[in-house]
Amino acid sequence: AEKKQLAYDALLKSKHNLSTGLMALETMDSPRAVEKRNIEKAEALIREMDAKQIPVDGGTLNNLLRVYSLAFRLNRAQDVLDRQFPERKLEPDSHTYAALIEMYTRVSRLDTAVKIAKEAEESTEMGF
């Protein structure tokens, strides 16, 4: 438990890739337990960054979205795009849209995936 806390603290201080850091903390638990723990840790990291006034950037939000996406938490993932990006005055990028498209494709909501792909083409400067 102490090693995990040290790894978590180092992750917070270094602002490394959230998904990679969380995977390093995983154990051989059931996939659902790992997903739940990853969500809890990702949310705690965002709260801690806010509390310490460490800016949450688009990459961090994309990683949070990815954690939700991998756990099939569609509403939470969509909330990152619809609420958290605007609240933090950040613009979604191609990584944001790719994570959402992948998520909706994995749950066979192709109509939503296509809609997001079209939105991405209109929204991102470099195209999608």
note = Expected vector for the range 57-69, Karplus 3J(HN,Hα) from phi with 6.51, -1.76, 1.60 and θ = phi - 60°, integer Hz, x for Gly and Pro, equals 9, x, x, 5, 5, 4, 5, 4, 4, 5, 4, 4, 4
inquiry  = If I model a spin label at residue 37 and residue 123 as a point 7 Å from the Cα along the Cα→Cβ vector, what separation in nanometres do I get?
reply    = 3.2 nm
ask   = How many percent of the accessible area of the range 35-85 is carbon or sulfur, using a 1.4 Å probe?
value = 49 percent
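Taking square-rooted eigenvalues a ≥ b ≥ c of the alpha carbon gyration tensor, is the range 34-73 rounded, prolate or oblate, where a/c under 1.5 means rounded and, failing that, a/b exceeding b/c means prolate? Show your work: numbers first, answer last.
Working: a/c = 3.91, a/b = 1.61, b/c = 2.43.
Note, shape of the range 34-73 comes out oblate.
The values are calculated or read from the model by the stated rules, or taken from the named source; none is laboratory data. What you see is a predicted model, and the numbers here were worked out from it, not measured in a lab. No Cβ is skipped: glycine too gets one built from the backbone with ideal geometry, and neighbour counts run over all protein chains shown. For accessibility, only protein heavy atoms count, side chains too; no ligands or nucleic acids. Shrake-Rupley method; radii C 1.70, N 1.55, O 1.52, S 1.80 Å.
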